[in-house]
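Notes follow the structure.
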Amino acid sequence: MNIKEFIREIPDFPKEGILFKDITPILHDPKIYNYVIDKMVEYYSEFEIDYVAAIEARGFLFGPQIAMRLDKGFIPIRKPGKLPAEVISAEYELEYGTNTIEVHKDAIKSGDKVLLIDDLLATGGTTRAAISLIEQLDGEVIGIGFLLELEALKGREELEGYKVYSLISD
Ligand code: AMP
């Protein structure tokens, strides 16, 4: 199956100059959605994993499915003010301004092996912030998986030292 056929490119969204990779056609078709999850699960099936974590919002379209198929718990990493119990936060730079993500403090304990999932690797800034949350709680990031990697933005370099996997790259 050609996954790329199910990723739609929308120019100038959400602002001028950005070529947005829309993954909703994947979600629309159960065969390709299952195929994508199967492929990710196949890759990670031999990894030693305690939890799968993913980043709101599009990471939630793939992370929980991968977690369930691997029979592991799922940890949501969310935008500020969404998680009800005690949280820790990480701030990261955007092109304009900053953003924050949070995780429940009791979601990870020291030594837990965490697989981090997101839909797309661009500059790697979001992923770095998620890594810092996991590591602040003394969790170990044993892998980082993406559906799609935008190679030109060199996010992989930003994630040097971590085991990065992407199903497809562009
Ligand atoms: P970055 O922090 O630059 O690696 O950006 C990663 C996050 O932004 C991912 O969660 C993506 O969902 C989103 N993102 C960045 N660039 C794009 C793009 N061109 N198309 C779709 N989503 C994007």
Task: Selection status of ILE108, within 25 Å of VAL41 (Cα to Cα) and either in a loop (DSSP other than H, G, I, E, B) or modelled with pLDDT under 95 (or both) - done: yes
Open item on the list: So SER110 ticks every box in (1) in contact with a Leu (Cβ under 9 Å, 6 or more places away or on another chain); (2) within 15 Å of the ligand (Cβ to nearest atom); (3) of a type in the set (Gly, Ala, Ser) but one. Which box is left unticked?
Closed with: (2)
TODO: Could you please let me know if THR123 is β-branched (Val, Ile, Thr), within 16 Å of the ligand (Cβ to nearest atom) and in a loop (DSSP other than H, G, I, E, B)?
DONE: yes
- [ ] Kindly indicate which of ASP106, ASP138, ASP118 is of a type in the set (Asp, Glu) and closer than 30 Å to ASN34 by Cβ.
- [x] ASP118
Task: Number of positions in the stretch 6-28 that are near the ligand (Cβ under 9 Å from one of its atoms) and assigned to a strand (DSSP E or B) - done: 6
TODO: Sort out which residues of the stretch 42-84 are more than 22 Å from ALA107 (Cα to Cα) and outside any loop (DSSP other than H, G, I, E, B), and write them in order of number.
DONE: GLU42, TYR43
TODO: Mind listing just one residue for me: the one in the stretch 58-70 that is over 19 Å from ILE134 (Cβ atoms) and among the aliphatic types (A, V, I, L, M) and, of those, farthest from the ligand (Cβ to nearest atom)?
DONE: MET68
Task: Residue satisfying all of: in the stretch 90-104; of a type outside the set (Phe, Trp, Tyr) and buried (at least 17 other Cβ atoms within 10 Å of the Cβ); nearest to the ligand (Cβ to nearest atom) among these - done: ILE101
- [ ] Any chance you could count how many residues in the stretch 146-162 are within 13 Å of the chain's Cα centre (by Cα) and surrounded by fewer than 17 Cβ atoms within 10 Å (Cβ to Cβ)?
- [x] 0
TODO: Give the stretch 105-141 a look and list any residue that's β-branched (Val, Ile, Thr) and crowded, with 19+ Cβ neighbours inside 10 Å, or say none.
DONE: ILE108, VAL114, ILE117, THR126, THR127, ILE131, ILE134, VAL141
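The values are calculated or read from the model by the stated rules, or taken from the named source; none is laboratory data. Keep in mind the model is a prediction, meaning the values are calculated, not measured. Neighbour counts are summed over all protein chains in view; Cβ atoms, including those assigned to glycine, are modelled from backbone coordinates with ideal geometry.
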